[in-house]
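Taking it in order: structure first as structure tokens, then the write-up.
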Amino acid sequence: MKAIIMAGGEGSRLRPLTCRRPKPLVPVANRPVMEYCLELLRDLGIKEVGVTLQYLPAMIEEFFGDGSDYGLRLHYYVEDKPLGTAGSVRNAAPLLDETFIVISGDALTDFDLRPALQQHRESGALATLVLTTVDNPLEYGVVITNSDGSIRSFLEKPSWGEVFSDRVNTGIYILEPEILEQIPTGRSYDFSKDLFPKLLKAQKPLYGVTLDGYWCDIGNLSQYRQAQEDILHGRVKVKVLGAEQGKGIMVGDGAEIDPEAQLEGPILIGEYCHVGSGAVVGPGTVLGPYTRVETGASLKKTIVWDNVYIGAGASLRGAVVCSNSRISKQVQVFEDAVIGDACRVETGVEVRQQVKVWPQKCLGQETVLSESLIWGQGTARPLFVGSQVAGHLNGELAPSRVIRLGMAYGNYFKPGAMVGLSTFNDGVGELLYKAMAAGLMTAGVKVADLGYLLTPLHRFAVRSLGLAGGCHIKPDAAETAMVRLHLVNERGHDLPPGAVRKIENLYWREDGRQAGAIETSVTYPAIKAAYKAWLLSTLKEDGLKKQPVKIALGSQRLAAELAAEVLQQAGAEVIRLDFDPAKDWPAVQEHIPFFTSEIQRFGAELGAIIEPNGEELLLFNNSGRRITTAQQLALLARVYLELKAGASLVLPVTAPRALELLAERLGGRVERVKSHPGIHQESMERIDGKDLLGQQHLQLDALAALLHILDWLARQRLSLAAAVAQLPPIYTAIRTVPCPWEAKGRVMRTLINQEPAERVELLDGVQVKAEKGWTLVLPDGETPHYRIYSEAFSQEAAEELAVRYEQRLQELIAGA
């Protein structure tokens, strides 16, 4: 048997560790990570190994040579251009004339592959994938198998709604040489994205084997640190270069340790290190060969590479210091900071948390570095939720980070593109506006200054002005101290997942285009007037214009002002009941009882509350009774389908199924899509085309929805209460169940396995059909919770279904 090690990765998410070396040569516990792979293959009895190379190939060839030092014969295959995982293996076809193993040169594992090899032979598989279970499957390829091990489906880097299992693809494959015939030559081709889905569709024998043991895909700095810690704690069965001195202390040959030094395991001190008097080397620390730690220096949970100098009194906590760097006396380097190769950090410097310093930089005396220096990777925390980035001014959305985000978003466009930018009327909004504009213009993008807007106005502006995209900065509706940066595409819609991932990668890499000449911004002052004119132009002549309505309107700030103006110009009599502008949305909702009493006191025909960002609408009939969310959606469906006869109504999986009956009655149909806003809005755009008014406007714009409900009621000569009474009954229930992030994948897998396959639908989350209803279990993408949506033939039955699955989830979570 032979093997292939894929060692061509650039390791961009590990920068600055990989600025001057390929990822397989990054040291883990003082050994290049690829060395562990070679030993794993050798111990299986493999003699010949092909190594695929692309990024800095000469360094790998020089380090490992012909493989004789490892008892192997190594053959190198260098790609002139990236060929993808499968394409790179196809490039090594001359070597592969028998069953072979494919393994990644930058993953750390101690798997015993013999059971997988045995099952591969017994099953007659063309390909066998080695699987493992992980707490958080979002960054991996999820694999769903049948009971006999055959593969049922693949999900590449799923959202929480698609996490149907916690079994993931490790990138270790056992393959037959015939599989190479399925891989095209000379172009990029991937195993998980291209080849395996193709073979699955063709019903070729693909199997998965879940192995026990350790596996870590060292894809980012957090995983890199974790791999070191796991080796130190003995969680990985690999050879460690150091003699055990007791209490978890391992010391390499030739190391000099002063009797007054304090050592506390688990630690690894490399060959020919020097640890001075009074120095403290604490738990979780690795010192690379020839490193010198001077008197009184203190290191804890710190990874130090070879030939590093740590000066007297220096303090390093949870940091990484790369080769040949000099850390002078009294320097402080804090958690998650990285000092690149050959850097000079002078006396008294303070390097703050999560700061990255690229290679060959010099930090002058007493410098306090709180941002990465040309440039650095950020935290491993997810940046986006949907198409939005949320955070606080002094935390996740510090101005320096918003500039970085602006640069990343700007690099998503071609140079010279025009991108709309708007904000809210507040000092925080203006500060973040300037930071975002600076980042966009630095990337060579023109900024269209759209001023102070609501989210629906921003969407309208981007669409009507023909801009390439936009960013709207808005306060979070639920928490006034939080701000959201909402990115949209050229149609004013939320970005789809693929675009979000691209921008997120640009953000973390920080190496995008920087323009030589900075464009000035262009101001568009008439957006609100154009928006009002557009809204009014969509009304029918025989509706609200001829049948005025008396409406109680509750809102705040710009939303209240704009809605009142539009409604009055449309012919409505508006009773403004503005809420305190200083209160957040939850606090406003506490005043709803007072608002409903005012509807009756003023004799209004209905009441409406518009959320401050203009995205959510609450409706009340003339007696002050609130229209439920499901009823409101059904009413909007009726308005749209009577306006667009025979049209398709695009709804997320969470919407009531009763709307399908309503659509059928009106000659239309419902198309179900995933709940991701970008996917939902893209589908609505496909149906709406270039219609002046489409379902996208009614579902995304609270004012547009209100205006057209009023216009329709006027044409039908109906009150809101009467219109709601004509709708089919809708019985739904919603529950929220707390669930730790790390348990979500296991809980989903167990839930799916416990339900009969014929009752389960896996479009988004897990939908289970019952005799007279259905339940959807959907992991929340922003918080550690599950959302449960149930619908049935009665409210009691809907509540019963919701409670049943709430209890099921609680039991599964407790046992996870």
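Some observations on this one:
- Tally, over the range 774-791, of residues that are in contact (Cβ under 8 Å) with a residue 40 or more places away in the chain and in a strand (DSSP E or B): 11
- Residue in the range 209-217 that is of a type in the set (Val, Ile, Thr) and assigned to a strand (DSSP E or B) present: yes
- Test result for residue 360, assigned to a loop (DSSP other than H, G, I, E, B) and either touching a helix residue (DSSP H, G or I) at 6+ places or on another chain (Cβ under 7 Å) or at pLDDT below 80 (or both): no
Quick grid of which residues meet (1) of a type in the set (S, T, N, Q); (2) modelled with pLDDT under 90; (3) under 30 Å from residue 554 (Cα atoms); (4) part of a loop (DSSP other than H, G, I, E, B):
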| residue | (1), (2), (3), (4) |
| --- | --- |
| 692 | no, yes, yes, yes |
| 698 | no, yes, yes, no |
| 703 | no, no, yes, no |
| 710 | no, no, yes, no |
| 714 | no, no, yes, no |
| 723 | no, no, yes, no |
| 729 | no, no, yes, yes |
| 737 | no, no, no, no |
| 746 | no, yes, no, no |
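- Qualifying residue in the range 300-314 (condition: touching a Phe, Trp or Tyr at 6+ places or on another chain (Cβ under 8 Å), open to solvent by 10 Å² or more (accessible area, probe 1.4 Å) and over 20 Å from residue 222 (Cβ atoms)): yes
- Among strands (runs of 3 or more DSSP E) entirely within the range 60-163, having at least 3 residues that are among the hydrophobic types (A, V, I, L, M, F, W, C) and open to solvent by less than 50 Å² (accessible area, probe 1.4 Å) singles out 100-104, 127-133, 141-145, 151-156.
- Considering residues of the range 173-187 that are among the β-branched types (Val, Ile, Thr) and under 20 Å from residue 121 (Cβ atoms) only, the residue surrounded by the fewest Cβ atoms within 10 Å (Cβ to Cβ): 179
- Residue in the range 368-401 that is modelled with the highest pLDDT, counting only those that are outside any strand (DSSP E or B), hydrophobic (A, V, I, L, M, F, W, C) and open to solvent by 40 Å² or more (accessible area, probe 1.4 Å): 393
- For the range 592-607, the tally of residues that are open to solvent by 80 Å² or more (accessible area, probe 1.4 Å) and either under 38 Å from the mean Cα position of the chain (by Cα) or in contact (Cβ under 8 Å) with a residue 12 or more places away in the chain (or both) stands at 2.
- Neighbours by Cβ (under 7 Å, 6+ apart or cross-chain): first from the range 792-808, within 18 Å of residue 656 (Cβ to Cβ); second of a type outside the set (Val, Ile, Thr) and assigned to a helix (DSSP H, G or I): 792/798; 792/801
- Selection count where residues are hydroxyl-bearing (Ser, Thr, Tyr), under 23 Å from residue 666 (Cβ atoms) and in a loop (DSSP other than H, G, I, E, B), scope the range 586-636: 1
- Scope the range 678-691; condition aliphatic (A, V, I, L, M) and open to solvent by less than 10 Å² (accessible area, probe 1.4 Å); matching residues: 684
- Residue in the range 428-443 that is open to solvent by 10 Å² or more (accessible area, probe 1.4 Å) and over 29 Å from residue 559 (Cβ atoms) present: yes
- Only residues that are in a loop (DSSP other than H, G, I, E, B), open to solvent by less than 10 Å² (accessible area, probe 1.4 Å) and either in contact with a strand residue (DSSP E or B) (Cβ under 9 Å, 6 or more places away or on another chain) or acidic (Asp, Glu) (or both) were counted in the range 473-522, giving 2.
- Flag for residue 411 being in contact (Cβ under 8 Å) with a residue 60 or more places away in the chain and either among the basic types (Lys, Arg) or under 26 Å from residue 505 (Cβ atoms) (or both): yes
- Residues that are under 16 Å from residue 42 (Cα atoms), in contact (Cβ under 8 Å) with a residue 12 or more places away in the chain and not aliphatic (A, V, I, L, M) within the range 64-98 comprise 64, 67, 70, 71, 73, 75, listed in sequence order.
- Considering residues of the range 760-790 that are among the small types (Gly, Ala, Ser) and under 22 Å from residue 387 (Cβ atoms) only, the residue least open to solvent (accessible area, probe 1.4 Å): 765
- Within the range 189-243, considering residues that are β-branched (Val, Ile, Thr), open to solvent by less than 30 Å² (accessible area, probe 1.4 Å) and in contact with a helix residue (DSSP H, G or I) (Cβ under 6 Å, 6 or more places away or on another chain), the one modelled with the lowest pLDDT: 218
- Taking (1) modelled with pLDDT of 95 or more; (2) within 27 Å of residue 481 (Cβ to Cβ) in turn, residue 582 satisfies each apart from (1).
- Taken together, the residues in the range 667-676 that are part of a loop (DSSP other than H, G, I, E, B) and either buried (at least 18 other Cβ atoms within 10 Å of the Cβ) or without any contact (Cβ under 8 Å) to a residue 24 or more places away in the chain (or both) amount to 4.
- Among the residues of the range 791-816, the one identified as of a type in the set (Lys, Arg) and open to solvent by less than 60 Å² (accessible area, probe 1.4 Å) is 808.
- When the residues of the range 284-299 are filtered to those that are open to solvent by 10 Å² or more (accessible area, probe 1.4 Å) and in contact (Cβ under 8 Å) with a residue 40 or more places away in the chain, the one that is farthest from the chain's Cα centre (by Cα) is 289.
- For the range 642-666, a residue qualifies if it is in a strand (DSSP E or B) and either modelled with pLDDT under 90 or open to solvent by less than 10 Å² (accessible area, probe 1.4 Å) (or both), and the qualifying residues are 649, 650, 651.
- Residue 573 vs. criteria farther than 21 Å from residue 423 by Cα, open to solvent by less than 60 Å² (accessible area, probe 1.4 Å) and of a type in the set (Asp, Glu): no
- Considering each residue of the range 692-709 in turn, at least one proves to be surrounded by fewer than 14 Cβ atoms within 10 Å (Cβ to Cβ) and of a type outside the set (Val, Ile, Thr).
- Condition check for residue 238: in contact (Cβ under 8 Å) with a residue 60 or more places away in the chain and part of a strand (DSSP E or B): no
The values are calculated or read from the model by the stated rules, or taken from the named source; none is laboratory data. Remember, it's a predicted structure, so these values are computed and weren't measured experimentally. As a convention, Cβ positions derive from the backbone with ideal geometry for all residues, glycine included, and neighbour counts pool all protein chains shown. These accessible areas exclude ligands, DNA and RNA; they are computed on the full protein's heavy atoms, side chains included. Shrake-Rupley method; radii C 1.70, N 1.55, O 1.52, S 1.80 Å.
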